[in-house]
Amino acid sequence: MAEVKTKGEVIFNRAAVIAVIVALVVMLTPIFWIAATAFKPRNLATTVPPTVFFEPTLSPFAKLFTKRSQLREPVEQEVYDNAAWWEKLIYDGGEQVVRNRKSGEVTSSGFGNRYMNSLIVSVISTLLAVSMGTITAYGFSRFRVPGEQDWLFFILSTRMLPPVVVAIPMFLMYRAVGLHDTHIGLIILYTAFNLSFAVWIMKGFIDEIPREYEEAALVDGYTRLQAFWKIVLPEALTGIAATAVFCFITAWNEYAFALMMTSKNAQTAPPYIPSQVGSGLSDWTVIASGAFLFLLPVAVFTFLLRNHLLRGMSFGAIRK
Amino acid sequence: MARIELRSIQKFFGAVQVLKDVNLTIEDGEFVVMLGQSGCGKTTTLRAIAGLETVSSGTISIDGREVQDLRAADRDIAFVFQSFSLYPHMTVYENIAFPLRAVGMSQDQREAAVREVAKVLGIERLLNRKPSALSGGDMQRVAIGRALVRRPKALLMDEPIGALDAKLREQMRAEIKRLHIARNSTSVYVTHDQIEAMSLADRIVVMHGGLLQQVGAPEEVYNRPANLFVAQFVGSPVMNVSGVAIEGGAGAAVLSFGQGAGIPVAGGHVGHIPGGKAVKLGIRPEAVLLRHEPGEGFVETTTTNVEPLGSHEIVDVRLGETTLRARVEPGFVADGQRVWVGLDPQRAHFFDGETGLALRRTA
């Protein structure tokens, strides 16, 4: 690949490289900022000018998972020496862990549960939306469905209203049928929300898979279902991965429904993190550590599927 | 191996009728080529035999058993697609073994069967490759291997070598013929290429507009076309066709091309043609004879175009209101030169001017 370039093209290419670098800096700075703040001692989090070099500490994470109260007087030396490493970090910050009076157990801040809720709800709703979406898309792609275009438009139209508009009626319905503040309730909501997206994206991918592959499998002695399983699914893997990433990100980041439909049992991390900003003096390091942990799964998931994603986004652009 | 019978097959796509009463019997071990332009219904017929397309009415039977309502999987037929359709996520070995896994054959038997067919096709060294790493010819060999490995009742091929370049096509054509002779499998082959049809077929089925135009051995289709469509579709360069008037009686007749240009022929050659009817003459370029000097049955004219084609040349000559194309030796004549043109009456075909049907000697 060494085609002849004019001088103008060379200059354009260099300018494009610079533009990409600038865009990268703009996009990555907030993420770097959150990651840095998550490991800062509290007194360095809000300095002006910002502190760039510091000794990282895990105390924001220790605080994130526990319920704390202000120390009225310095902690006794003996208690401090016997405390676990993370408890010492909290004492160092002038706070103490709230414990159950009878059992002496540490009281959780509730972040861990909410994080788990986020994982459960996002993973299950993604699996459901992608599997149902793939099968539906296959049906639309391969069979003559009466009113196909109308159905597809109807499916798409479910995404046209912003979630906040339907949130109140949904809230009333959920309360009436007892789905309020349940995992299953959120899973149903997110699956329904992502399903339309999954159907549309997967239809595009499946349309690109030549019918002859299945026809070959049909004459080779397989049923349509077997042909779908053995031929279409492996061929659609790229599309499935891309769709799954987008569905997962949507479910993982969803805020409005999670805020209204859940309060305690099934609450996910997005409504919890801002609730910690609260009033008065916020501990930004704790919020940053929560946000940092919240960013991790999406980053890991996307990184693992990056090859599929790249192919997925350029799929159909080049005819093989 | 099997005998395939199509009885009164009709097929509609919406309001469009693509197959109009197709009747055809393919004998056990026969190699039948369905020849026609795109959209003539030949591929639809093939897909109907395979079970990839339902038929609107009529019956399809394989070895006496009606199969038109059976799924493709239950018909025990193999299909080779123009696009090869090798499963991209499987290796060549897995591709060929795929139909065997459907019938639950043991791994040892599978391995033996795949190796055997790979050996016949000369693709043993490719077994571990993915289809994307194969050349076009090898892809088609694998596709044929996948079709043959199961020893199906019949092998259906839909323009299997249409996507290859000219040289490879010729090579694969010979290979398909060799394989057919070796295995003697009932084969139905669809193509729009008349050279493929002529060289491969035991019998050619010429289709047009959803109807069978002629069914017969290649020589018969070439030498005795049933109608104008077949006459012009089979053969290269295309048969000359022009309206003629037949003047004269039983002894000696003249084929008149208008503007006073006429070629005399012995009356025996045109005696079977009913008078008072619009008639078209069809004559292949090799039966249009050119000479440098006058002779009996030859008329004077000039050449209007010469197309050199290497082994021979195609020369256009004006005769009355029509242009006839003649096939001659290279360098026989130059453009614009005076020549004498005649016809080989043995190889002249006459067609009804209205129906296009051949007017044959009843003898």
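The values are calculated or read from the model by the stated rules, or taken from the named source; none is laboratory data. For clarity, every value in this text was computed on a predicted model and none was experimentally measured. Every residue, glycine as well, gets a Cβ built from its backbone with ideal geometry; the counts of neighbours run over all protein chains shown.
Summary table below
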quantity: B:VAL265 vs. criteria touching a helix residue (DSSP H, G or I) at 6+ places or on another chain (Cβ under 7 Å), outside any strand (DSSP E or B) and aliphatic (A, V, I, L, M); calculated: no
quantity: Boolean, A:THR29 is buried (at least 18 other Cβ atoms within 10 Å of the Cβ), hydroxyl-bearing (Ser, Thr, Tyr) and part of a helix (DSSP H, G or I); calculated: no
quantity: Test: residue in segment B:169-184 that is touching a residue at least 40 places away in the same chain (Cβ under 8 Å) and either of a type in the set (S, T, N, Q) or within 14 Å of chain A (Cβ to nearest Cβ) (or both); calculated: yes
quantity: Search result, residues across segment A:180-199 that are over 29 Å from A:THR238 (Cα atoms) and crowded, with 19+ Cβ neighbours inside 10 Å; calculated: A:HIS180, A:GLY185
quantity: Among residues of segment B:149-178, those that are closer than 24 Å to B:MET105 by Cα, among the aliphatic types (A, V, I, L, M) and either in contact with a strand residue (DSSP E or B) (Cβ under 7 Å, 6 or more places away or on another chain) or modelled with pLDDT under 90 (or both), counted; calculated: 3
quantity: Exclusive hit being within 26 Å of the chain's Cα centre (by Cα), at pLDDT 90 or above, away from chain A (no Cβ under 14 Å) and within 20 Å of B:ILE144 (Cβ to Cβ), set B:ILE49, B:ILE26; calculated: B:ILE26
quantity: Tally of residues being surrounded by 17 or more Cβ atoms within 10 Å (Cβ to Cβ) and touching a Gly at 6+ places or on another chain (Cβ under 8 Å) across segment B:308-344; calculated: 6
quantity: Subset of segment A:212-223 [surrounded by fewer than 19 Cβ atoms within 10 Å (Cβ to Cβ) and in contact with a helix residue (DSSP H, G or I) (Cβ under 7 Å, 6 or more places away or on another chain)]; calculated: A:THR223
quantity: Every pair of residues 6+ apart whose Cβ atoms lie under 8 Å, when the first sits in segment A:179-205 and is of a type in the set (Asp, Glu) while the second is crowded, with 21+ Cβ neighbours inside 10 Å; calculated: A:ASP181/A:MET261; A:ASP181/A:THR262; A:ASP181/A:ALA266; A:ASP181/A:GLN267
quantity: Condition check for B:THR355: polar (S, T, N, Q) and in contact with a Lys or Arg (Cβ under 8 Å, 6 or more places away or on another chain); calculated: no
quantity: Check on A:VAL121, within 16 Å of the chain's Cα centre (by Cα) and either of a type in the set (Val, Ile, Thr) or crowded, with 17+ Cβ neighbours inside 10 Å (or both); calculated: yes
quantity: Sole residue being over 27 Å from B:ALA182 (Cα atoms), away from every other protein chain (no Cβ under 14 Å) and touching a residue at least 12 places away in the same chain (Cβ under 8 Å), chosen from B:VAL16, B:VAL55, B:VAL67, B:VAL32; calculated: B:VAL55
quantity: Condition met for A:ALA244 (closer than 26 Å to A:PRO297 by Cα, in contact with a Leu (Cβ under 8 Å, 6 or more places away or on another chain) and either outside the structural domain of A:ILE120 (by TED's automatic domain parsing) or buried (at least 18 other Cβ atoms within 10 Å of the Cβ) (or both)); calculated: yes
quantity: B:ALA72 facing chain A (nearest Cβ under 8 Å), under 25 Å from B:ASP165 (Cα atoms), modelled with pLDDT of 90 or more and in contact with a strand residue (DSSP E or B) (Cβ under 9 Å, 6 or more places away or on another chain); calculated: no
quantity: Helices (runs of 4 or more DSSP H) lying entirely in segment A:191-276 (those with 1 or more residues that are away from chain B (no Cβ under 14 Å) and out of contact with any Ser or Thr (no Cβ under 8 Å at 6 or more places or on another chain)); calculated: A:233-253, A:256-261, A:269-275
quantity: Hits in segment B:75-112 (condition: among the β-branched types (Val, Ile, Thr), closer than 25 Å to B:GLY162 by Cβ and more than 8 Å from every other protein chain (Cβ to nearest Cβ)); calculated: B:VAL80, B:VAL92, B:ILE96
quantity: Which numbered condition B:SER61 fails, given (1) more than 14 Å from chain A (Cβ to nearest Cβ); (2) more than 22 Å from the chain's Cα centre (by Cα); (3) in a loop (DSSP other than H, G, I, E, B); calculated: (3)
quantity: Meets criteria (in contact (Cβ under 8 Å) with a residue 12 or more places away in the chain, farther than 19 Å from B:LEU228 by Cα and part of a strand (DSSP E or B)) for B:VAL333; calculated: no
quantity: Selection count, segment B:113-140, where residues are in a loop (DSSP other than H, G, I, E, B) and either more than 25 Å from A:PRO210 (Cβ to Cβ) or more than 13 Å from chain A (Cβ to nearest Cβ) (or both); calculated: 7
